[in-house]
Amino acid sequence: MCGIVGYIGNRNGIPIALAGLKRLEYRGYDSAGMAAFDFKKSGVFSIKRVGRISNLEMALGKRNFEGNPVVFHSRWATHGQPCDKNAHPHHDCNKKIWLVHNGIIENFKFLKDKLEKEGHKFYSDTDSEVISHLIEKYFQGNLEKAVARAIKLVRGTYALAVISEDDPQKLVAARFSAPLLVGVGEGEFMVASDPSAVIGNTKRVAYLDDGEIATLTPEGFSVTDLNQVQKEKTVEEIEWSLEEAQKGGFEHFMLKEIFEQPDSIKDTIRGRILLKEGMAKLGGVEGVKDKLKEIKRLHIVACGTAYLAGLVGEYMLEEYAGIPVEVDLGSEFRYRSPILDKESAALFISQSGETADTLASLKEVKENGVLSLGVVNAVGSSVARETEAGVYNHAGPEIAVASTKAFTSQVSVLALLTLLLGRQRGMSKSAGQNIAKELFQMPKLASLVLKENEKIKSIAKKYKDCRNFLYLGRKYNFPIALEGALKLKEISYIHAEGYGAGEMKHGPIALIDGNFPTIAIAPSDSVYEKMISNIMEVKARSGKVIAIATKGNKKIKEIVDDVIYIPETIEMLTPILSVIPLQLFAYHMAVLRGCDVDKPRNLAKSVTVE
Ligand code: G6P
């Protein structure tokens, strides 16, 4: 997500931290900023610029400042549009405390209201600013003590770095559920959200753990817990090259993003599930809640993988919210004549928020005066700006062209919307609680699926020379069959067809033979028996079958050639788990075939032309 770099030591920290920030550019960002203590003037100065880091660099170059300590930040917006005002560092009322923050503060609204009542003046739309005001509130001359008191009140995730004009020989950093490390040099120390930011300067690092606060001075650094009790930290040597560090030690961004899913799903649902009430809280649609209650039909419009997430949403919303849903490809919707009446709403799903066909369809909907909603990952993107209301994914930047973590995040948002709309339309509290409880488990269950990686790799080795695959699924896992086939096509260039298993007899069954394997998504759900019949039909024609099944189902092993198990959950949420083995299978097939996984031929991450 966002990037943090800080420096304190015996040199001018500005060029050092700026170079570190540039090494984080690959993560994606929309604005950048810095604050530094200027010893000549005995004060902190700050510059923030929307857009590229080079804009910040240019502004800095013009002024020729020297600073120490310094904090730099590249922002990937979650709360508030990308603009100078919302860029980090954020300051307190007196512009003395300057803070950079990665993560999401769940209770920021509550804290902000309270601080405003106490007289604090806010200037940005971010959740992060609230922490600088909290630190201001508790500051009594010692920065780390004020930080410790402030973050005890904060709920959510954070990696932060702070400097203060009134305690200027310090750089204080703290972490909870967002990565942060201390870089250890000779007479100089750094903090960074990612090892690649410090690698040019030092390879010695100490990784902070949750609930730890680090205080850096030019002489050294110390780490305490939130109660100011000292902690011992080991300094490790990074053995990665810069490129390896950027991929977090994974061979490709795609694999890194697949493995990020427990975290990205957690970030998507964070603060949005009300377990006791069996309800979802979605701030971005709060303003149109009453309108949503009245709609008689929902159009979902998207492209590529986002479209397939929309298809999963159709099953969820129709079954649990009782709303008729139509899902369209952006490229079709814009040219057909959909019935757009005032009783409809349209939901646009897009990772980038810039896909041309999705945007053109949005324009059409707006011209017809229909309520438009977005499910978007990139904050401030065109779809986010143009829709009336919506839900951000908070999945973090996705770099690999093949979408993985955005998909599971989109499906998670659709499950939240189902909960919200379902409860508005007669879903019982206990049914809501059941969905809420299961959705809350998804990050943990997703991490269990990832444990199957080695097994999936060995299955891919077995099938690597096959030139064709059939993917079959039913009901909630019909769109997953399409998504599994799409992933394989996109990155390994192997021909794959996704089909509703019941449709197999109407065509694809003619293709089946010993060299045309089938991947059957067969969790223990309401259509399991039907799936088994379809699997038997494939087997009867000498077809090899790889099944995705629910853990504990030993019987299926007797029928199919290979099984990949996923944990048990409620039927509507199985797609979030069943898609992960298919992402991994496509990934390993592509690697085994020597394909450029992160940049597949002929494809673009964001399709901004028709
Ligand atoms: C491209 C990408 C896909 C993505 C699709 C829609 O084809 O390669 O991964 O699903 O565009 O993109 P969007 O940004 O609108 O979700």
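The values are calculated or read from the model by the stated rules, or taken from the named source; none is laboratory data. These numbers come from a predicted model, not from an experiment. Positions of Cβ are backbone-derived with ideal geometry, glycine not excepted, and every protein chain shown enters the neighbour counts.
If you check Ser177 against the conditions, is it of a type in the set (S, T, N, Q), under 27 Å from the mean Cα position of the chain (by Cα) and surrounded by fewer than 23 Cβ atoms within 10 Å (Cβ to Cβ)? Yes.
Looking at Val391, Val413, Val449, Val401, just one residue is in contact with a strand residue (DSSP E or B) (Cβ under 7 Å, 6 or more places away or on another chain) and outside any helix (DSSP H, G or I), and that residue is Val391. Within the option set Asn377, Asn368, being over 23 Å from the mean Cα position of the chain (by Cα), on the phi < 0 side of the Ramachandran plot and modelled with pLDDT under 95 holds for one residue only, Asn368. Among the conditions (1) outside any strand (DSSP E or B); (2) out of contact with any helix residue (DSSP H, G or I) (no Cβ under 9 Å at 6 or more places or on another chain), Val147 misses just one, which is (2). Would you confirm whether or not the stretch 394-410 contains a residue that is more than 13 Å from the ligand (Cβ to nearest atom), of a type outside the set (Asp, Glu), within 20 Å of Pro82 (Cα to Cα) and in contact with a Gly (Cβ under 6 Å, 6 or more places away or on another chain)? Looking for residues that are more than 13 Å from the ligand (Cβ to nearest atom), of a type outside the set (Asp, Glu), within 20 Å of Pro82 (Cα to Cα) and in contact with a Gly (Cβ under 6 Å, 6 or more places away or on another chain), one finds none in the stretch 394-410, hence no. For the stretch 348-388, the set of residues classified as in contact with a Cys (Cβ under 7 Å, 6 or more places away or on another chain), assigned to a helix (DSSP H, G or I) and near the ligand (Cβ under 8 Å from one of its atoms) consists of Thr358 only. Taking (1) in a loop (DSSP other than H, G, I, E, B); (2) of a type in the set (S, T, N, Q); (3) without any contact (Cβ under 8 Å) to a residue 60 or more places away in the chain in turn, Ser222 satisfies each apart from (1). Listed by first and then second residue, the pairs with beta-carbon distance under 6 Å, at least 6 apart or on different chains, first residue in the stretch 125-143 and among the acidic types (Asp, Glu), second surrounded by fewer than 17 Cβ atoms within 10 Å (Cβ to Cβ) and outside any helix (DSSP H, G or I), are Glu129/Phe122.
Listed residues Glu398, Glu388; which is among the charged types (D, E, K, R), surrounded by 23 or more Cβ atoms within 10 Å (Cβ to Cβ) and touching a helix residue (DSSP H, G or I) at 6+ places or on another chain (Cβ under 9 Å)?
Glu398
Close contacts from the stretch 574-597, counting a first residue that is more than 16 Å from Leu450 (Cβ to Cβ) and a second that is surrounded by fewer than 24 Cβ atoms within 10 Å (Cβ to Cβ) and among the basic types (Lys, Arg), with Cβ to Cβ under 7 Å and a gap of 6+ residues or different chains, come to Met589/Lys464; Leu592/Lys461; Leu592/Lys464; Arg593/Lys464.
Across the stretch 560-610, the qualifying residues are those that are under 24 Å from Met536 (Cβ atoms) and assigned to a loop (DSSP other than H, G, I, E, B), and the one among them that is nearest to the chain's Cα centre (by Cα) is Glu568. The single residue among Glu257, Glu332, Glu277 that is within 16 Å of the ligand (Cβ to nearest atom), surrounded by fewer than 17 Cβ atoms within 10 Å (Cβ to Cβ) and charged (D, E, K, R) turns out to be Glu332. Applying the set (1) under 20 Å from Tyr315 (Cβ atoms); (2) more than 16 Å from the ligand (Cβ to nearest atom) to Val579 leaves exactly one unmet item: (2). Tallying residues that are of a type in the set (Gly, Ala, Ser), over 26 Å from the mean Cα position of the chain (by Cα) and part of a loop (DSSP other than H, G, I, E, B) within the stretch 180-216 yields 3. Per this entry, Ala406 is counted among residues that are surrounded by 22 or more Cβ atoms within 10 Å (Cβ to Cβ) and assigned to a helix (DSSP H, G or I).
Test of understanding: among Val327, Val301, which residue is at pLDDT 95 or above, crowded, with 24+ Cβ neighbours inside 10 Å, on the phi < 0 side of the Ramachandran plot and within 16 Å of the ligand (Cβ to nearest atom)? Even if it seems obvious, please write down each step before you answer.
Numbers: Val327 fails: crowded, with 24+ Cβ neighbours inside 10 Å.
Going through Val327, Val301 in turn, just one is at pLDDT 95 or above, crowded, with 24+ Cβ neighbours inside 10 Å, on the phi < 0 side of the Ramachandran plot and within 16 Å of the ligand (Cβ to nearest atom): Val301.
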